[in-house]
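Before anything else, here's the structure in question.
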Amino acid sequence: MLSSFFEIVYLYVLPSFLFLVGIRLTFNSKSLFTNFLGLYLIGFYFFILIAWIIKFKLFAFWPHLVHVTDPIHYLLGPFSYLFFLFGLKPYRKFKLLDCLHFLPFVLHVLELTPFFLLSKELKEQEFYYLFNTQLIAHLQHVEAYILEVKMHLFFKTMSVLIYYFASLYLFIRFYLKSKTFYFKSNNKEFFIWLALHTLLKGVIIFNLLLISFHVTETMALVNFVVVLDFICTSLFFVLYPKYQDGLQFESIKEVFLEEKKPASDFSKDIWMKNKFEEMNMLMEMQAPFVDENFSKVQLAKMLNLNLNQLTVLISKFSNQSFPDYVAHWRIVYIKKMMAINDEWKGYSIEILAENSGFGTRQSLYRTIQRFYQMNPNEYFKQNTKTPISPE
């Protein structure tokens with residue numbers, strides 16, 4: 001009974017919601033993260049639709065659709081990886097090299113072009129022949145096919161596995177590099193959802209492999225996990241709409257709240273802009289500036305830049321010197337920690353200076369006085385509603 005219920009949800013209800021949510025995320029958002037997540041859901045919709053057609057042997061009704069959607073299997077892996085990538089790195093731009101992810105899809109479309117040009121009747125004959133023989137290379141009416149079906153099944157399986165482990169590696173590596181407590185705290189729901197989605201997707205892939213090797217024949221667990229994954233994803237975006245652009249880098253906005261527009265020649269330099277965004281993400285995620293001796297040489301090394309490039313980068317895109325750029329990050333770091341950690345609210349100005357990288361109370365006092373024309377107690381009371389503890 002329970003199995004029949006999930007089968008109905010999987011084959012009838014879920015595809016409709018997948019398609020509608022996928023369309024909304026793809027076309028109603030300017031974020032690459034939600035665009036690729038939407039495309040992934042639409043691709044999965046066609047994947048389930050084909051399973052439905054095969055299960056009920058409805059080839060005669062949709063002979064065009066069956067093979068038209070066949071290349072989409074080559075898109076599930078790339079779409080899944082790319083929504084991971086742009087979710088974790090929302091400031092990253094889509095590059096020309098990223099198009100290579102779609103090369104297998106394009107090649108398979110070209111391979112199937114002769115089939116697409118056949119009449120409905122011949123398509124139906126070819127598909128029944130294909131379904132019975134599993135050999136593309138020996139189709140009756142088309143001689144342009146290159147690989148056998150089993151080879152495509154192998155490549156599709158490898159594609160899904162490679163992109164799954166690439167996404168898993170990207171997620172783990174990114175999370176381990178996120179050293180600041182306030183960054184993880186501010187994005188904890190996103191990390192939890194992404195970890196859950198990765199786990200559920202791993203369960204789906206593992207069970208599909210078991211079915212492929214005839215270890216098990218039932219799809220009940222796969223159907224259940226797919227439904228669960230979709231429900232979790234839908235609830236996540238309903239409950240936390242702020243993540244529709246990916247991870248939240250709130251400190252970047254705060255540091256450059258009054259940022260002037262960079263010079264026109266540099267605004268056109270995509271590489272420099274990407275490096276600037278990479279630098280800001282690094283500062284928020286890892287907070288290397290909490291080391292009092294943090295230097296321009298260290299930052300340049302972390303970004304694989306020389307000192308002259310780093311100087312130009314900071315000067316032209318933030319309109320600040322290196323010391324001022326770092327000082328702004330240290331002040332924001334103090335505010336963020338005071339907002340999420342009650343222990344920081346009880347710190348004296350000396351402890352705040354030591355824990356944020358200023359080193360001495362004099363350095364913190366002079367910096368805030370110069371930036372905001374007020375003393376630290378007035379500034380933090382105004383911006384965090386928390387006065388600094390007395391000596």
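Could you tell me the ratio Rg/Rh of segment 250-384? Both radii from Cα atoms, Rh via Kirkwood.
That ratio equals 0.98.
Related question: Two decimals is fine: what's Rg over Rh for segment 145-198, C-alpha atoms, Kirkwood radius as Rh?
1.26
Okay, next question. In whole Å, what is the distance between the alpha-carbon centres of segment 281-335 and segment 159-196?
Between the Cα centres of segment 281-335 and segment 159-196 lies a distance of 24 Å.
Shifting gears a bit: In units of 2.2 N^0.38 Å, what is the alpha-carbon radius of gyration of segment 318-391?
That ratio works out to 1.01.
Coordinate-derived values only; no laboratory data. Here the structure is a predicted model, which means the values were calculated and not measured.
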